[in-house]
1. Looking only at segment 97-123, how many residues end up being assigned to a helix (DSSP H, G or I), over 16 Å from residue 72 (Cβ atoms) and more than 11 Å from the chain's Cα centre (by Cα)?
2. Residue 86 fails exactly one of the following numbered conditions: (1) outside any strand (DSSP E or B); (2) touching a residue at least 40 places away in the same chain (Cβ under 8 Å); (3) within 18 Å of residue 136 (Cβ to Cβ). What is the number of that condition?
3. Would you pick out the residues in segment 91-118 that are under 19 Å from residue 67 (Cβ atoms) and out of contact with any strand residue (DSSP E or B) (no Cβ under 8 Å at 6 or more places or on another chain)?
4. Select, from 84, 59, the only residue that is touching a helix residue (DSSP H, G or I) at 6+ places or on another chain (Cβ under 7 Å) and at pLDDT 95 or above.
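The values are calculated or read from the model by the stated rules, or taken from the named source; none is laboratory data. Quantities reported herein were computed from a predicted structural model and do not represent experimental measurements. Glycine also receives a Cβ, built like all others from the backbone with ideal geometry; neighbour counts cover every protein chain displayed.
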């Protein structure tokens, strides 16, 4: 009996290490991207929409991977306007597959002036989107 149990355990361990094996009970199913998803990663796209959901969206082109928000005022600085552009550039869930740009304008004496936005703000938004994409991906793994 011990001999058969150890043989069965050995087979399960060998099959468990091979992702290509149909006997592997731990092998995950390949995630496929449907035609509707276009050429962009679903998790990066959805996370971008989730994080920018508080802003008006001017352009939302999933096939091109582009999201452009409208101008918005922040409560801290009512004289500052911000616009965010996001580009999802690949089908894989990768940090270099996402670019974020922030444009800033200031209102002085009733006139609007373009101002250089802080690069740290764009980096912070990118990190927030990547964290959200990671959460969405992990939630999908749990469902499987």
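1. Going through segment 97-123 one residue at a time, the tally reaches 3.
2. Looking at each condition in turn, residue 86 falls short on (1).
3. If the condition is that a residue be under 19 Å from residue 67 (Cβ atoms) and out of contact with any strand residue (DSSP E or B) (no Cβ under 8 Å at 6 or more places or on another chain), then 91, 92, 93, 94, 95, 96 are the ones that fit.
4. Working: 59 fails: touching a helix residue (DSSP H, G or I) at 6+ places or on another chain (Cβ under 7 Å).
From the options 84, 59, the qualifying one is 84.
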